[in-house]
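The values are calculated or read from the model by the stated rules, or taken from the named source; none is laboratory data. All values reported here derive from a predicted model rather than from experimental measurement. Heads up, the Cβs are rebuilt from the backbone with ideal geometry, glycines too, and the neighbour counts pull from every protein chain shown. These accessible areas exclude ligands, DNA and RNA; they are computed on the full protein's heavy atoms, side chains included. Shrake-Rupley method; radii C 1.70, N 1.55, O 1.52, S 1.80 Å.
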Amino acid sequence: MQGRSILLDCVSESALEDARAQVYACALNEQEFFMATLLYEYTYDKTHGTLSRNSATEDSGSDDEQSVDPAEAMLQRGSRLRQLRLMEHEDEAARRNLAHQDEIDEQANEMNDGDESESIVLLIDQSNLFIYESFLRHQRVYDDLKHVDYKYIDYSNGCYSLIVEQDKSLGKGGFCWDAAFILGEYLSSQENGNVLHDLRRDAKSGERPLDIVELGAGTGLCGMMVAKALTDVHVTLTDLGLLMPLLKRNLSRNFAAFDERTTHSSTAILDYMATIKHDKSSKGSVSSAVLDWDQESHNASFDLVIAADVVATLYDPSTLARTIHSLANVAVISFKERLSSVHREFEAQMANYYESIEIIQPTGCRNLNTAVKILIAKGRK
């Protein structure tokens, strides 16, 4: 009886009301709300000195079952509260882990921001230039639009200098894509590889450079990389007339055979090029031309067709395949598959035009975007 009296002395109506108010006011999660519900489960009867279940939590049964021993009720409540404390400790451990992970993420973001800021050059006309080598060092994302906000991208490396201008107003053709860089590096690594070996042998036997045409060149990134890196090649970069001003500015910016003054390059980028001693030398040569794939026939003939990310919904896969077939005996096409049906149609059409079709994962490339594949077609039918 003495123990029961002590428990009853501890359970006063005012204490319960205070506890209820405090817990409900701070009930920010499911566990705290459950604790508040426990405090409302019993009501203290001051007259009879008993605790009774509230009507909302009554179990079905007789009136005798609805009146409980206060000591027993408090002991049951103590057991439940111990369970809650255990859950609270587990929750707190989880919160600490999350806080630690947030701290790690924040440090990583700060480091990323630092890397990004160090790789961006603000030119005197307030346009920005991105140093591509900084991306290659980290390569955290391969989103198509990761670099579209930069006016210029500097692709220079230890072998050659290359600065490429982008133009948002031209849409997809005005941007540099991973597939273009990957194809450029893949072909540059094939100086004496399987793809170019026989072509080079035939070209040398005719005492002429290897004649390459790029379809849908856009900014010219891929074709310029090839012309910069490979000896005894001539690359003709082609696209629609709308892209020619941008393409010619990029050619004049990077090859000695062109004069920047004739293409209206900005003073800001010319000043930057002078500051870094931009080198316009190259192992191969380049030119540009307008090429419309819808034309029924193409009079020119080349040793090799190259193209990057040209298999897209805005083009007709059949027309593209027919154009490639009309231009060369060998084709090397890089792509990131976005719509499977379009790619399957293009591959089927290429199989109709060429004896051999192979799709590979490129090697020898510093950009590690595994979504980019290369299609190699050989032997015109």
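Taking the Cβ of L145 as the center, what net charge do the other residues with Cβ under 12 Å away carry, scoring Lys and Arg +1 and Asp and Glu -1? Walk me through the numbers before you get to the answer.
Numbers: positive: K146, K168, K172; negative: D143, D144, D149, D178.
Computed value for this residue: -1.
Phi angles across the stretch 130-138 convert, under the Karplus curve 6.51 cos²θ - 1.76 cosθ + 1.60 with θ = phi - 60°, into 3J(HN,Hα) values of 10, 8, 5, 4, 5, 5, 5, 6, 10 Hz, Gly and Pro given as x.
Positive contributions from Lys and Arg (+1) and negative ones from Asp and Glu (-1), summed over other residues with Cβ under 11 Å from the Cβ of N157, come out at -1. For D198, neighbours were defined as the other residues whose beta-carbon sits under 13 Å from its Cβ, and their charges (Lys and Arg +1, Asp and Glu -1) total +2.
The share of accessible area on the stretch 114-243 that comes from carbon and sulfur is 51 percent, using a 1.4 angstrom probe.
Within 10 Å, count the other beta carbons around each residue, average over each peptide in 323-331, 155-163, 335-343, and list them highest first. Please report the intermediate quantities before stating the final value.
Values: 323-331: 21.9, 155-163: 17.6, 335-343: 14.9.
Averaged packing, sorted descending, gives the order 323-331, 155-163, 335-343.
Counting only Cβ charges, +1 for Lys and Arg and -1 for Asp and Glu, the dipole size of the stretch 211-270 around its Cα centre is about 260 debye.
Between S161 and D279, the built amide H atoms are under 5 Å apart, and every one of these is 5 or more places off in sequence or on another chain. Residues whose amide H comes within less than 5 Å of that of E214, counting only those at least five positions distant or on another chain, are T236, L237, T238, I306 (H built at 1.01 Å from N in the peptide plane).
For A257 and D125, the difference between the fully extended length at 0.36 nm per residue and the C-alpha to C-alpha distance is 44.9 nm. In this structure, the amide hydrogen of V286, modeled 1.01 Å from its nitrogen in the peptide plane, lies closer than 5 angstrom to those of V235, counting only residues at least 5 positions away or on a different chain. Across the options A331, N254, W293, the greatest Cα extent toward the positive end of the charge dipole of the stretch 217-354 (unit charges at beta carbon of Lys, Arg, Asp, Glu) belongs to N254.
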